[in-house]
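The block underneath contains the structure these notes are about, expressed in structure tokens.
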Amino acid sequence: MESGAGAASTPRALPYFVASSQLLGLTVVAMTGAWLGLYRGGIAWEGALQFNVHPLCMVIGLVFLQGDALLVYRVFRNEAKRTTKVLHGLLHVFAFVIALVGLVAVFDYHKKEGYADLYSLHSWCGILVFALYFVQWTVGFSFFLFPGASFSLRSRYRPQHVFFGATIFLLSVGTALLGLKEALLFKLGKSGLSQNQTHPLWCLDITPTPR
């Protein structure tokens, strides 16, 4: 009965929205990789290129995979709830682990180069978002998977879980854009603007700048 009701309430345009979201997400990941590969020398775990691991991992983890995890309950709304919960949780685990690699990369890079940590708005926002993401996943896992809360408690917590999940995702996207702009401004500030460095300037208009 519940499955039939869910199928009846599924918007006809949902498959197109989901396909568009995947295309957009993969495009963002590909463009980030192209930017790092073509204009910032690629990625590596040693030397100056170690920093580039950070933006790539954060885009893959906290933007693309986290977004996919939020879509699970829409895409698989007629599947067994247990299966959907496990898939939702696993995608968040993958997102968390990849983001953790990106976080370790930037802190390790700062340590090797003698740079200060947490010196910018982006870095503080990033730490806050990462901590909130970890808390959200831990509480959600304990409520909905293991050991699992009572039905009444899960029902009361579910709206908050959905709200904070969407909020953390939006904060992740905003923090990523803030970090992208910071990286570009830092690069331009160090080397100045020349003809062969005009390629990334479109990124400077992604986030609002005070006039």
Scan of the stretch 77-95 for residues that are in contact (Cβ under 8 Å) with a residue 24 or more places away in the chain, part of a helix (DSSP H, G or I) and farther than 30 Å from PRO55 by Cβ, ordered by number: LYS85
Qualifying residue in the stretch 187-207 (condition: modelled with pLDDT under 95, among the hydroxyl-bearing types (Ser, Thr, Tyr), closer than 27 Å to PHE51 by Cα and surrounded by 12 or more Cβ atoms within 10 Å (Cβ to Cβ)): yes
Tabulated pairs, the stretch 21-40, first closer than 14 Å to LEU56 by Cβ and without any contact (Cβ under 8 Å) to a residue 40 or more places away in the chain, second outside any helix (DSSP H, G or I) and of a type outside the set (Lys, Arg), C-beta under 7 angstrom, 6+ apart or interchain: LEU36/GLY42; LEU36/ILE43
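Could you grab me the full set of residues in the stretch 41-50 that are buried (at least 18 other Cβ atoms within 10 Å of the Cβ) and either of a type in the set (Asp, Glu) or in contact (Cβ under 8 Å) with a residue 60 or more places away in the chain (or both)?
First pass over the stretch 41-50, keeping only residues buried (at least 18 other Cβ atoms within 10 Å of the Cβ): 43, 50.
Within the stretch 41-50, GLN50 is the sole residue that qualifies.
The values are calculated or read from the model by the stated rules, or taken from the named source; none is laboratory data. Please read these numbers as outputs of a predicted model, since none were measured by experiment. Counting neighbours? That spans all protein chains shown, and the Cβs are built from the backbone with ideal geometry, glycine included.
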